[in-house]
Amino acid sequence: MTRRPITRSATLNAARRAADLQALADGGPVDVLVIGGGITGAGIAVDAAARGLSVALVDKHDLAFGTSRWSSKLVHGGLRYLATGNVGIARRSAVERGILMTRTAPHLTRAMPQLVPLLPGTGRAERALVRTGFLAGDLLRRLAGTPASVLPRSRRVDAARAAELAPTVRRDGLDGALLAYDGQLIDDARLVSAVARTAAQHGARILTYVEASAATGTSARLTDRRSGESFDVAARAVINATGVWAGDLDPALRLRPSRGTHLVFDAAAFGHPTAALTIPIPGELNRFVFAMPEQLGRVYLGLTDEDAPGPIPDEPRATPAEIAFLLDTVNTALATSLSVDDVVGTYAGLRPLIDTDGGASGTGNTADISREHAVVESATGMISIVGGKLTEYRLMASDVLDRAIALRHLRAGPCRTRTLPLIGAPANPGAAAGGPTRLPASLVARYGCEAAAVIASATCGHPTDPVAEGIDVLRAEFEYAVTHEGALGVDDILDRRTRIGLVAADRQRALPAAQEMLAADPRR
């Protein structure tokens, strides 16, 4: 007989962290210890907790500290994988996208229009290839069961409509555009936070700034990086979900990280677009550069795919060559060219690709390396999940947990995450919290059904004022990050619970409000 899941508060803060950390140090073994607080680790934690297993998740940094906050903020339908004949991953991606958009996280996702302008340099064969790809994407959507009301069908639009959607597109010779839709996240780090808090809601202990070392299949040494204290914890299964750092825990693993870089612009530089301007990369099959409208009045331009051998940095950096490549590519489709002076921020992340051709010395384009994931058991019995992509986090979590349950003979229920609504989704039990009914659209976009509670629970002065002039993040949101979302420092607030920190000038202006909310929390 399996155990029933525990239902607790989804609140994460310093007080709960201290209590959960002490309970873990004092208690017996847990069923599952998850190392890594990115999207995969958080997904494993919520899956395990929802199956009735006792779970602890630890990360030496904050939630979404690594790759999980540096994505394009897309939940891809897998279209690009059809071009390489990988029908399986394309189909799975479309299914997982549909689950996020219709069941588990409809509050954090939306349909993003992708506009491919038909310019004089776009040849007939290239147009046919893009159109065929978009039609294949429509088929994938239907096969996945995602309704057209959630993701509209692709179509061709005329030049006037193309200019409405992407105002800075070149007009000379513009022969309309091809328009398709994919899934877009309001923010990848917010998805990680929602998944982790949903795990906490089902009884998982979510412990940031706790480093794991000397990990085996049944134990690990944990060190609280805030106090310096260490203790050993026993677990029936230890799962390594540390992404590009997986080899630090299991040196036998071979990964070949690739760097994906984005540039950040004020939306005004692109005329405040409502669609992602999508430009084919010359000489590449089904690869594009996207200029995507995002929250906080920004546009993110990406994406590169460059080999990144050597030591893994905590925060990868964009290279001048990548910046030049992105600008050169997007400028082929713009009426007025952009320059480095228009760039207000950059970010880069490392994809944890599985090495298939000999490590850092391997040859071949990283864009051609499979995005498949793998579950690997080490010599000590620790189980690692490597590879994969953000859209498939739920499936990856289910795969590795099924393997752990079978290997360790754990008593667990079936996977429930296919229909389990995340915190903030309308069907989540935490969605009934009261509060004001007139709410800013930006607040609802970030918090879903929790939006009213963000304001209702605030105790700070002027909770509905912006944290700084011209930034549509409320003071109440900073407080909520500390009292409910586990933020323990200013970086957690500015760089992950919100994305203000992507623009250095905005970060500096919002810093006093973040410091104020941290200082006001008596539990810290």
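The values are calculated or read from the model by the stated rules, or taken from the named source; none is laboratory data. On a predicted model such as this, the values are computed, not experimentally measured, just so you know. FYI the Cβ positions are ideal-geometry reconstructions off the backbone, even for glycines, and counts take in every protein chain you see.
Of the residues Ala48, Ala18, which is part of a helix (DSSP H, G or I), more than 17 Å from the chain's Cα centre (by Cα) and surrounded by fewer than 23 Cβ atoms within 10 Å (Cβ to Cβ)?
Of the residues listed, the single one that is part of a helix (DSSP H, G or I), more than 17 Å from the chain's Cα centre (by Cα) and surrounded by fewer than 23 Cβ atoms within 10 Å (Cβ to Cβ) is Ala18.
Tally time: how many residues in the stretch 341-353 are touching a Pro at 6+ places or on another chain (Cβ under 9 Å) and either aliphatic (A, V, I, L, M) or part of a helix (DSSP H, G or I) (or both)?
3
Quick check on Glu211: is it surrounded by fewer than 22 Cβ atoms within 10 Å (Cβ to Cβ), of a type outside the set (Val, Ile, Thr) and in a loop (DSSP other than H, G, I, E, B)?
no
Residue by residue, here is whether (1) under 28 Å from Ala452 (Cα atoms); (2) assigned to a helix (DSSP H, G or I); (3) modelled with pLDDT of 95 or more holds:
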site	(1), (2), (3)
Ile385	no, no, yes
Ala406	no, yes, yes
Ala427	yes, no, no
Ala431	yes, yes, no
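Here are some residues: Gly345, Gly302. Which one is touching a Ser or Thr at 6+ places or on another chain (Cβ under 6 Å) and either crowded, with 17+ Cβ neighbours inside 10 Å or of a type outside the set (Ser, Thr, Tyr) (or both)?
Gly302
Inspect the stretch 121-142 for any residue being under 18 Å from Val330 (Cα atoms) and touching a helix residue (DSSP H, G or I) at 6+ places or on another chain (Cβ under 9 Å) and give the result as yes or no.
Yes: one or more hits.
Yes or no, residue by residue, for (1) hydroxyl-bearing (Ser, Thr, Tyr); (2) assigned by TED's automatic domain parsing to the domain that holds Ala163; (3) crowded, with 22+ Cβ neighbours inside 10 Å:
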| residue | (1), (2), (3) |
| --- | --- |
| Val58 | no, no, yes |
| Asp62 | no, no, yes |
| Asn86 | no, yes, no |
| Leu115 | no, yes, yes |
| Leu119 | no, yes, no |
| Glu126 | no, yes, no |
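Go through the residues of the stretch 436-452 one by one and say whether even a single one is at positive phi and in the same structural domain as Asp472 (by TED's automatic domain parsing).
Yes, that holds for at least one residue.
Take the stretch 464-502 and flag every residue that is closer than 20 Å to Ser442 by Cα and surrounded by fewer than 20 Cβ atoms within 10 Å (Cβ to Cβ).
Thr464, Asp465, Pro466, Ala468, Glu469, Gly470, Ile471, Asp472
Which residue is surrounded by the fewest Cβ atoms within 10 Å (Cβ to Cβ), if the candidates are limited to the stretch 222-260 and must be farther than 27 Å from Pro316 by Cβ, among the small types (Gly, Ala, Ser) and touching a residue at least 24 places away in the same chain (Cβ under 8 Å)?
Here the residue is Ala234.
Scan the stretch 447-487 for residues that are closer than 28 Å to Leu207 by Cα, in a loop (DSSP other than H, G, I, E, B) and out of contact with any helix residue (DSSP H, G or I) (no Cβ under 6 Å at 6 or more places or on another chain) and report the count.
Counting residues in the stretch 447-487 that are closer than 28 Å to Leu207 by Cα, in a loop (DSSP other than H, G, I, E, B) and out of contact with any helix residue (DSSP H, G or I) (no Cβ under 6 Å at 6 or more places or on another chain) gives 5.
Consider the stretch 178-234. How many of its residues are under 21 Å from the mean Cα position of the chain (by Cα) and charged (D, E, K, R)?
Residues meeting the conditions: 6.
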